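Reading through the structure tokens given below for one structure.
Taken together, the values in this text are just the output of simple stated rules run on the coordinates, not laboratory data. Because the structure is predicted, anything quoted here is derived from the model rather than measured. A quick note on method: Cβ atoms are made from the backbone with ideal geometry, for glycine too, and the neighbour counts reach across all protein chains shown.
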Amino acid sequence: MEREKKLIENGKENKNNSNFLICYKVEKDKDGKVKFSLKDGGYKEIPYIEIADSGFDQTFKKLFSWELTINDIKGEERLRSLLNSLLYPNVSDDGYNIKKVRIIRNESNKLGSETKIGVLFFDVVCRCECWNGKNGKEEEIETEIFDVEMQTGYDNGFIGRAFEYGVSLIGTSYVGEKDEERKEKKIMGESYFKEQKKKIKKHPVKVISFMNYDNKETDNIHYKSYKTEIVLTDLDGNKIKTMDDPPVEVFVINLHAEIKKLLESKEISINGKEISKTGKEWIKLLGLRHWATVKRYSNYYRYIIPEDTSDSDEVIQSALKILQLIDEDSLIAICNAETAALSMLNSYEEIGEKRGEEIGEKRKAYEICENLILEGVNMNIIKKTTKLNNEEIEEIRKKLKISNEN
């Protein structure tokens, strides 16, 4: 109540706009204030703060870290806010949307190594429970798995990789699920427990990929936002139908293109629904590099935004605070890590198609090896099946935290 009263007194109560949404690039810096350009063509001279670039891999993950509670808001709430504001916008607490978010730890869902140097991880993965109303009955709960990715450079194979991510997540357990199931089985009885699980409706795995790079070719598909579909064709290539219930859906959100729409006061729709004010704030927050001004004399991507964001959603304020708290030393380390990673990826692209095929075969071998280890298969059989050497198999064992008992 106090916060709502304060907003009204300050004349800031606006369901569609906020300081953060209307302010763009900085025109000048003087006496601790800057002149922000506004999307209506005017200017606003107000105090500012500096925040880290949200587009780096590590800063992006910090925004949704379960360990970071800012202004009494947890990572779970920030992630739920992002997903609901984009896919279930403008839905009240009594409507159908995401009510509970369960974390799926990245390290338990390895896709196998692309090289001997590193392992491919997801960015932010979760399993959500959705229902109508404030308290869901067991028979009304539906589950959805989400993988949220940040793509900072053009990669012509990313759609295929996004589908691979999605397929590998089908049926994945959230952290602590097995323990919860054991307790529920004791209370309900195993047969009743299994019947209840069958009633839970499952949706396709949704991969949301934020494209965070410039592309001036506005007629190029890689500049647009889109959703993928699986099309069935006959053997001559003629379309028969679009699959009604695909195992994976990929939503590509091009931040550069969507922020351009915001600047031109155009509406943003995802999956046929116009996103909410909070959704627009998330788009601006994740795409800082496409509209905000870099702090002068800074080589480490700290951006200038309005200091007063009290008319923004409280979850957005929490996320902005996280970016503000990232100090320069941490940001330098993040930048260096990102540069090294991009350099490695670029070097692989230069190697060419043959090397790509080798990487694909090796990745497949690692996946098979992981599955065989988890099934308790003998080491000699694993070697014969995967053609991997002892060293590689032991490395995978260590990462899976399974001792060599076979």
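Peptide packing: for 94-103, 263-272, 17-26, the average count of neighbouring Cβ atoms within 10 Å per residue gives the ranking 17-26, 94-103, 263-272, highest mean first. Apply 1/(1 + (r/R0)^6) to the Cβ-Cβ distance of Lys398 and Lys227, taking R0 = 41 Å, and write down the FRET efficiency to the nearest 0.05. After rounding to 0.05, the efficiency reads 0.60. Count Lys and Arg as plus one, Asp and Glu as minus one, and take only other residues whose Cβ is under 10 Å from that of Ile270; the net charge is then 0.
Once the other residues with Cβ under 13 Å from the Cβ of Ser318 are scored (Lys, Arg +1; Asp, Glu -1), what is the net sum?
Neighbourhood net charge equals -1.
Measuring from label point to label point, each 7 Å out along Cα→Cβ, what is the Glu375 to Glu314 span in nm? Label-label distance for Glu375 and Glu314, simple model: 5.0 nm. Fully extending the segment from Val167 to Met243 would add 25.8 nm, taking 0.36 nm per residue of separation and subtracting the current Cα-Cα distance.
In what sequence do Lys239, Lys206, Lys224 fall when counting other Cβ within 10 Å, fewest first?
On the way: Lys239 9, Lys206 21, Lys224 15.
So the residues, fewest neighbours to most, are Lys239, Lys224, Lys206.
Using the Cβ-Cβ distance between Leu38 and Glu142 with R0 = 45 Å, the FRET efficiency computed as 1/(1 + (r/R0)^6) comes to roughly 0.60.
In the neighborhood of Ser209, defined by Cβ-to-Cβ distances under 14 Å, what is the net charge if each Lys or Arg adds +1 and each Asp or Glu adds -1? Provide the component values of the computation, followed by the final result.
On the way: positive: Arg161, Lys206, Lys224, Lys227; negative: Asp57, Asp123, Asp147, Glu149, Asp155, Glu164, Glu249, Glu258.
Net charge around Ser209: -4.
Do the alpha carbons of any pairs in Lys100/Lys206; Lys202/Lys399; Lys266/Lys295; Lys39/Lys99 sit beyond 25 Å of each other, and which pairs? With Cα atoms farther than 25 Å apart: Lys202/Lys399; Lys266/Lys295; Lys39/Lys99.
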